[in-house]
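Working notes for the structure below.
The values are calculated or read from the model by the stated rules, or taken from the named source; none is laboratory data. This is a predicted model, so every value here is computed, not measured. Cβ atoms come from the backbone with ideal geometry, glycine included; neighbour counts cover every protein chain shown.
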Amino acid sequence: MSDPLETRLADRLNELGETVGDELPPPVDLELQVLRRRRRTSAKRHGAILAVAAAILAALVTVAAVHGVTGHRDSLRIATSSTIAGPDPVHDALQPGTVMLSARGQFVVSLDANGKRNATMVSLEYGEVSYARATADHREIWYLSSKPGARACGDVVREDVDAGTTKIVAHAVTFDVSPDGSRLALYGEGDLARDRCEPVTPGGPGRVVVLDLANSSSSGLPIADVSSVRWSPDGAYIVGVSCPATGCRVFRTNDVPRELGAPLTVAPGDPAASRGETIRSATVAFGAGGLYMLQATAAAPLGSRVTKRVDLVDPRAGHSAVTVFSAPGWDVSQVIPTSAAVYVVAAPTGTTDTGLYRVIPGKPSRLAFVRSLPGPGTLTPVTPLP
């Protein structure tokens, strides 16, 4: 039998239970407590994210410092972020300050405005590089690995600067690549468009062939004794130098068609023949303002006195020319019109003291010594990035 006291106590507890609601009322400051808790949690999470970001940045800075000490060509660049959206920085695969390339022996090196090497871009195990050209975006360097003999076919090679990979694309006696890297101008004999180059015989039926690398279409121009070809900066036409036994001439093609297939044609006029002189030798290079031509001229076909002169011409205007530099006492062998200055490779007449000089405009113009270059190789200007 249950104790009467226990029975009364149980009845009382049941009565009290019926007076309590199903849910306890929340504290009056419950929402404030939740808000504070959320703020504390968010602050802890934000602090953790900042700590991780700081650790990553410290690691990148350390890698950059170590990378810089090693002197590897491809440098690590760390850019600060901005709260203001803007265009992405232009990637430059070449070293900052590069204004020209030098193709010499088994190497292609990049040079700054002081003529100093800032990187070695190509290093061959065999063969020699006779000409090198960077595309306008600096992502590719094309060069000609020559074979023995001035008129023999060499390897036309493309190097991806960032990847450091090379590929033999074609063969030619001399060549140039369009600024955007989409077309080649090849010179030689044989079926150049199908990569069947043959050495050029003196006075033989040489050809300049434009090859589209995307679809292998081509257009050709029969012309003999070509020593060099150069694409215009806009990729619209080609200028070349032809030097038969009677004297050199500079020729320009009409605009290369967008769709290749039809023959190329030569535009009328000769920019180098405006003064009635016989040109013994000539080289051409495009730069700011037009086409720069280095010519060795004589007053008559059999004249013994040869004068070297650098002229600036508008190839589309025909015979107009402005003399950039002409002075007795100098043997000028190259002209390199860069974004920094117009340079020449020259030596005082009768000496072998070859050096790099900057042309100082004036009446008369003069040369400013930059540095000694006993073996300059073939120098070509590098178009600056926009």
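Observations on the model:
- Selection within segment 317-353 - closer than 22 Å to THR380 by Cα, touching an Asp or Glu at 6+ places or on another chain (Cβ under 6 Å) and among the hydroxyl-bearing types (Ser, Thr, Tyr): THR323
- Cross-chain or 6+ apart pairs with Cβ under 9 Å, segment 87-113 first and in contact (Cβ under 8 Å) with a residue 12 or more places away in the chain and within 17 Å of THR383 (Cβ to Cβ), then assigned to a strand (DSSP E or B) and among the acidic types (Asp, Glu): ALA93/GLU140; ALA93/ASP160; ALA103/GLU128; VAL108/GLU159
- Residue tally, condition more than 20 Å from the chain's Cα centre (by Cα) and either modelled with pLDDT of 95 or more or over 29 Å from GLY97 (Cβ atoms) (or both), over segment 132-148: 2
- From VAL156, VAL177, VAL161, VAL169, residue being free of Cβ contacts under 8 Å to residues at least 40 places away in the same chain and either more than 21 Å from SER227 (Cα to Cα) or β-branched (Val, Ile, Thr) (or both): VAL156
- Within segment 253-265, tally of residues that are more than 24 Å from the chain's Cα centre (by Cα) and either at negative phi or among the hydrophobic types (A, V, I, L, M, F, W, C) (or both): 9
- Scanning segment 103-112 for residues that are of a type in the set (A, V, I, L, M) and under 17 Å from ASP92 (Cα atoms) turns up VAL109, LEU111.
- Residue within segment 197-209 that is surrounded by 16 or more Cβ atoms within 10 Å (Cβ to Cβ) and within 24 Å of PRO384 (Cα to Cα) present: no
- From the options ASP155, ASP176, ASP180, residue that is within 27 Å of ALA236 (Cα to Cα) and surrounded by fewer than 17 Cβ atoms within 10 Å (Cβ to Cβ): ASP180
- The listed residue being modelled with pLDDT under 90 and within 16 Å of TYR237 (Cβ to Cβ), out of PRO301, PRO315: PRO315
- Note on segment 221-251: among residues that are of a type outside the set (A, V, I, L, M, F, W, C), part of a strand (DSSP E or B) and within 24 Å of the chain's Cα centre (by Cα), the one that is surrounded by the fewest Cβ atoms within 10 Å (Cβ to Cβ) is SER227.
- Strands (runs of 3 or more DSSP E) contained in segment 149-201 and holding at least 3 residues more than 18 Å from the chain's Cα centre (by Cα) and under 26 Å from SER110 (Cβ atoms): 165-172
- Note on segment 333-380: residues that are touching a Gly at 6+ places or on another chain (Cβ under 6 Å) and closer than 16 Å to ALA288 by Cβ amount to 1.
- Unique match (being assigned to a strand (DSSP E or B), under 20 Å from ALA172 (Cα atoms) and out of contact with any Asp or Glu (no Cβ under 8 Å at 6 or more places or on another chain)) among SER110, SER130: SER130
- For segment 341-377, a residue qualifies if it is closer than 24 Å to PHE286 by Cβ, at pLDDT 95 or above and either buried (at least 21 other Cβ atoms within 10 Å of the Cβ) or of a type in the set (Gly, Ala, Ser) (or both), and the qualifying residues are ALA341, VAL342, TYR343, VAL344, VAL345, ALA346, GLY355, LEU356, TYR357, VAL359, ALA368.
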